[in-house]
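Colleague: I have a structure I would like to understand better, so I am pasting it below and will then ask my questions one at a time.
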Amino acid sequence: MSEPPRRGRFITLEGPDGSGKTTAARHLAEWLRSRGESVVLTGEPGGTPLGDEVRRLVLHERSVSDDLDPRADALLFAAARAQHTARVIQPALERGEHVVCARYLDSSLAYQGAAYGIDADAIRTLQRFATYDLLPDLTILIDVPVEVGLGRKRHGEWNRFEDAEGVAFFEKVRKAYLDLAAAEPERYRVVAGSGSVADADALIRDLVEPVVFGR
Ligand code: TYD
């Protein structure tokens, strides 16, 4: 009988809006592939047809997002996350592939929990349910000052957060992430995202190297 494949590593990138997670995730996946690893590159909300639909509804459909109850919002992100975990992330890890994911449960802890003020225990319980208790092996927080992140986002596609929420909201998100990272130093690492893309890529590769290649 052949051995089951060695379980893949699950790496998430987190950070406030405009921190550069999506680009960093893509570069990380390309680097791992160049080293011969199999990688599933994904992100939330998204990664499945349900996730894409939730993304469209909660971020881009004004008739939904203009008056969305915070608990309904949290449940929609959680539903998308459950589908993504069960159908994409967990199966890939079991096949022995690594998963690089831009945003995961910590986004809900920071946004729905800290920034929107939903009770932290309730949000945590919901995340455990939605993820089947699957935690990343490594979470990289790309930290940027709020003005830097928002300045970058102004050039991107509209989403509800950008006109509904002021700087104070994004300060809460940033602080929440830094608190989460400090509370779980085993899982979390923080990199500065205000320099060049190449600088952030290099810092991230140094953090991922021992997790994937065991050095
Ligand atoms: P994203 O597309 O990752 O935008 P960016 O790359 O600029 O960060 O995320 C879209 C928005 O969705 C972002 O403002 C944060 C929000 N979000 C939540 O509030 N909760 C969640 O659980 C997730 C995954 C995202």
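Colleague: Report the residue count in the range 19-56 for those that are touching a Ser or Thr at 6+ places or on another chain (Cβ under 8 Å) and at pLDDT below 95.
Modeller: Final tally of qualifying residues: 0.
Colleague: Please go through (1) under 21 Å from Lys21 (Cα atoms); (2) charged (D, E, K, R); (3) open to solvent by 10 Å² or more (accessible area, probe 1.4 Å) for Arg128 and return the number of the only condition it doesn't satisfy.
Modeller: The number of the failed condition is (1).
Colleague: Could you check how many residues of the range 194-205 are open to solvent by 60 Å² or more (accessible area, probe 1.4 Å) and not in a helix (DSSP H, G or I)? Show your work before the answer.
Modeller: Going through the range 194-205, the residues open to solvent by 60 Å² or more (accessible area, probe 1.4 Å) turn out to be 194, 197-199, 203, 205.
Among the residues that remain, those that are also not in a helix (DSSP H, G or I) are: 194.
Qualifying residue count, the range 194-205: 1.
Colleague: Tell me the residue from Asp179, Asp106 that is more than 10 Å from the ligand (Cβ to nearest atom), at pLDDT 95 or above, assigned to a helix (DSSP H, G or I) and acidic (Asp, Glu), please.
Modeller: Unique residue meeting the criteria: Asp179.
Colleague: Kindly check whether there is at least one residue in the range 98-111 that is open to solvent by 20 Å² or more (accessible area, probe 1.4 Å) and without any contact (Cβ under 8 Å) to a residue 40 or more places away in the chain.
Modeller: No, because not a single residue in the range 98-111 is open to solvent by 20 Å² or more (accessible area, probe 1.4 Å) and without any contact (Cβ under 8 Å) to a residue 40 or more places away in the chain.
Colleague: Looking only at the range 109-133, how many residues end up being assigned to a loop (DSSP other than H, G, I, E, B), within 15 Å of the ligand (Cβ to nearest atom) and not aromatic (Phe, Trp, Tyr)?
Modeller: Count: 3.
Colleague: Specify the residue that is least open to solvent (accessible area, probe 1.4 Å); the eligible residues are those in the range 56-94 that are under 20 Å from Leu109 (Cα atoms) and outside any helix (DSSP H, G or I).
Modeller: The qualifying residue least open to solvent (accessible area, probe 1.4 Å) is Leu68.
Colleague: Please verify whether the range 184-193 includes one or more residues that are surrounded by 19 or more Cβ atoms within 10 Å (Cβ to Cβ) and not β-branched (Val, Ile, Thr).
Modeller: yes
Colleague: Still on this structure: With the condition kept exactly as written, say whether any residue in the range 139-150 is at pLDDT below 95 and among the charged types (D, E, K, R).
Modeller: The answer is yes; a qualifying residue exists.
Colleague: List the residue pairs whose Cβ atoms are under 9 Å apart, where the first residue sits in the range 177-197 and is within 15 Å of Asp143 (Cβ to Cβ) and among the charged types (D, E, K, R), the second is open to solvent by 70 Å² or more (accessible area, probe 1.4 Å) and in a helix (DSSP H, G or I), and the two are 6 or more positions apart or on different chains.
Modeller: From residues that are within 15 Å of Asp143 (Cβ to Cβ) and among the charged types (D, E, K, R), the pairs are Arg189/Leu203.
Colleague: Filter the range 32-55 down to the residues that are part of a loop (DSSP other than H, G, I, E, B) and touching a residue at least 12 places away in the same chain (Cβ under 8 Å), then identify the one that is farthest from the ligand (Cβ to nearest atom).
Modeller: Filtering first and then ranking leaves Arg35.
Colleague: To continue, here is another question. Report, by residue number, each residue of the range 34-49 that is closer than 13 Å to Gly8 by Cβ and more than 15 Å from the chain's Cα centre (by Cα).
Modeller: Listed by number, the residues that qualify are Glu37, Ser38, Val39.
Colleague: Follow-up. If you go through the range 22-42 one residue at a time, do you hit one that is more than 17 Å from Ala110 (Cβ to Cβ), exposed (fewer than 13 other Cβ atoms within 10 Å of the Cβ) and among the polar types (S, T, N, Q)?
Modeller: Yes, that holds for at least one residue.
Colleague: Check Pro16 against each of (1) buried (at least 19 other Cβ atoms within 10 Å of the Cβ); (2) modelled with pLDDT of 95 or more and name the one condition it does not meet.
Modeller: Every condition holds for Pro16 apart from (2).
The values are calculated or read from the model by the stated rules, or taken from the named source; none is laboratory data. This structure is a prediction, so every number in the text was calculated from the model and none was measured. Every residue, glycine as well, gets a Cβ built from its backbone with ideal geometry; the counts of neighbours run over all protein chains shown. Ligands, DNA and RNA are stripped out before the accessible areas are found, and what is left, the full protein with its side chains, is counted by its heavy atoms. Shrake-Rupley method; radii C 1.70, N 1.55, O 1.52, S 1.80 Å.
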